[in-house]
1. Please work out if TRP201 is within 17 Å of ALA85 (Cβ to Cβ) and part of a helix (DSSP H, G or I).
2. Taking the condition of being closer than 15 Å to ALA199 by Cβ and assigned to a loop (DSSP other than H, G, I, E, B), how many residues in the range 15-38 meet it?
3. Looking at the range 160-198, which of the residues that are acidic (Asp, Glu) and not in a loop (DSSP other than H, G, I, E, B) is surrounded by the fewest Cβ atoms within 10 Å (Cβ to Cβ)?
4. Being under 17 Å from the mean Cα position of the chain (by Cα) and surrounded by fewer than 19 Cβ atoms within 10 Å (Cβ to Cβ): is that true of ALA45 here?
5. Output the residues belonging to the range 74-125 that are surrounded by 17 or more Cβ atoms within 10 Å (Cβ to Cβ) and outside any helix (DSSP H, G or I).
6. Could you tell me whether SER109 is hydroxyl-bearing (Ser, Thr, Tyr) and either within 24 Å of GLU182 (Cα to Cα) or modelled with pLDDT of 95 or more (or both)?
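The values are calculated or read from the model by the stated rules, or taken from the named source; none is laboratory data. On a predicted model such as this, the values are computed, not experimentally measured, just so you know. Virtual Cβ from ideal backbone geometry, glycine too; neighbours counted across all protein chains shown.
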Amino acid sequence: MFFTDVMILILTAAFLAAVYFFIYCYRGASWPKSIVKILSVLLLAVAGYLGGAEDLLILALGLSAVGDYLLSRDSEGQFLVGVAAFASAHIAYVALFLTTSGAGLHRLSQADLFIVAGLVLFGLFMMSALYRKAGDLRIAVCIYVPIILSMGVAALMMPGGYLGVVVAAFLFMVSDSILASEMFLLREDHPLRRITPFAVWSTYWLAQAGFLLAYPVNL
């Protein structure tokens with residue numbers, strides 16, 4: 001069996017994601033860490049481009065790779081720009097989901113509306129907690145919360161056949177929630193900090209790969 005260029009890129013991205021998970025995700029900033037992290041998502045964007053994926057999907061993956069670089073450098077200034085990059089990626093995902101044929105508010109079932117209500121309550125809780133704990137970054141992170149939640153709502157509005165998008169969107173929200181808790185809510189000696197880096201990275205990368213694979217891509 002011959003692998004296409006797209007499949008090779010996806011498998012390479014998965015390999016680098018595994019390297020990051022086992023070697024780098026729990027360590028401090030370094031150039032090898034940044035490079036491995038960036039390529040594990042950037043190669044997904046390239047695979048999408050070569051495979052004829054939607055432009056908005058490629059844009060969202062590319063913006064996420066930019067955000068990965070900026071957040072990997074452990075600089076407050078770069079962190080803010082990184083948050084902006086990820087916020088832009090989420091907006092691109094929202095636009096992608098809502099412009100997919102068959103998407104719309106009429107797709108939301110009663111169960112979906114309960115989920116949306118739960119997301120809103122959770123978002124308000126996180127914004128309240130982060131506003132009190134995030135210091136000078138409180139405004140940026142509080143603005144970010146409704147943006148990523150809007151991605152989850154947009155995913156629920158997708159037509160049938162796009163369950164992978166919904167799963168990926170919720171994995172992304174889980175990842176960002178854990179990251180925000182790790183950065184601003186958990187004390188330095190909290191035992192959960194031993195596993196949060198692994199949880200953040202695994203849910204995040206699986207979300208990005210899930211978005212790519214949920215849309216038609218020529219493998």
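1. Answer is no for this residue.
2. Of the residues in that region, 2 qualify.
3. Residue satisfying both the conditions and the ranking: GLU182.
4. no
5. THR100, ALA103
6. Considered against the rule, which asks whether it is hydroxyl-bearing (Ser, Thr, Tyr) and either within 24 Å of GLU182 (Cα to Cα) or modelled with pLDDT of 95 or more (or both), SER109 comes out as no.
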